[in-house]
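Visitor: Sharing a structure here in structure tokens format.
Read-outs: derived from the displayed coordinates by stated rules, not from any lab. Everything numeric in this text was worked out from a predicted model, so none of it was measured. For neighbour counting, all protein chains shown are included, and Cβ atoms are generated from backbone atoms with ideal geometry for every residue, glycine included.
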Amino acid sequence: MPADSGPASFFGRLRERLSRSAARLTGDLASLFRGRKIDADLLDELETRLIGADVGITATTEILEKLRAGVTRHELDDAEALMNALRQQLLVMLQPCAKPLRIDPARRPFVIMVVGVNGSGKTTSIGKLAQRLTGSGRKVLLAAGDTFRAAAAEQLDIWAERSGAEIVQQSSGSDPGAVVFDAVRSAQSRGFDVVIADTAGRLHGQTHLMEELKKIRRVIARVDPSAPDEVLLVLDANQGQNALAQAREFHAAVGVTGLVLTKLDGTARGGVVVAIARDMQLPIRYIGIGEQAEDFDEFDAAAFVDALLGTSSGLK
């Protein structure tokens, strides 16, 4: 579903849902700036708001240094100028990470390994991605590599049926590497365009479970030395700065190539997207704002910033 499809567009809905948050960054900035002198006190208050929205210390410090310099040079003398400058600083951090996932048709099957902690929305994100890909005419095979949680395989089976994808799964407790191995081999022999491999959700601090992820990656490479083509990490935006810690550890373990940020509809912490972009500089492929297939779309930096700030320029 394209981001600009009609009045109930994806980023329009994101803006609406962020605006309901009691502790949001978005809605109160206009009133914070209105009628106020642009001075040190106001900038200190803005700094507190940014940190409270989980933009993070590093990104917030960088933003405020530039804003304070602009105020000193008398370039930001009114609320509109300050808001525009804030918007531009956020865009500078986010725009380089707005890189949609592109399926290389020369890579057949294109193998996507999906990782993340329990409860991040990983399996649901896989289902939504499968629906997008089958909707664009691709033949998709799902690998039910989360063999420790029976509900995960059942959920993936439902998404396979809903999306028109096929699925490879084995009995509960099977070796996850074997499931993914079989799926990639099957996709090669049967002419699938894309394989999406689910993996068991795990706490990023559990070393033995992270080692298992490394093993799955090695198993995929045994079938196809160039695979996986994408390692997608699914992060729950409600986790705030802990999501950033997860991104660092998963990237160190398995070489994350893209991010999916979920549950942005239920958080006051939309700023964590900025913190992760500033710190990790990894491509943000998709964001999610709900449970339905249409609540999942490619990340658009300008539209996201406008949803976060309540501004209108560039909003889709």
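Visitor: So in the chain, what percent of DSSP beta bridges are antiparallel if you round to the nearest 5? Kindly include the intermediate steps, with their values, before the conclusion.
Guide: Values: 3 of 27 bridges.
Close to 10 percent.
Visitor: Looking at the square roots a ≥ b ≥ c of the eigenvalues of the Cα gyration tensor of segment 111-203, which shape do they give, rounded for a/c under 1.5, prolate if a/b is larger than b/c, or oblate? Please report the intermediate quantities before stating the final value.
Guide: Working: a/c = 1.78, a/b = 1.25, b/c = 1.42.
Note, shape of segment 111-203 comes out oblate.
Visitor: So, counting K/R as plus one and D/E as minus one, what does the shell of residues with Cβ under 11 Å around Ala153 add up to?
Guide: So the surrounding residues net to -3.
Visitor: Net charge near Arg217, counting Lys/Arg +1 and Asp/Glu -1 over other residues with Cβ under 13 Å of its Cβ?
Guide: Details: positive: Lys214, Lys215, Arg218, Arg222; negative: Glu211, Glu212, Asp224, Asp229, Glu230.
Cβ neighbours under 13 Å give a net charge of -1.
Visitor: Then there's this: Pairs of lysine in the chain with Cα under 17 Å and at least 8 positions apart or on different chains: total?
Guide: Working: Lys99/Lys316; Lys122/Lys263; Lys128/Lys139; Lys128/Lys263.
Total qualifying Lys-Lys pairs in the chain comes to 4.
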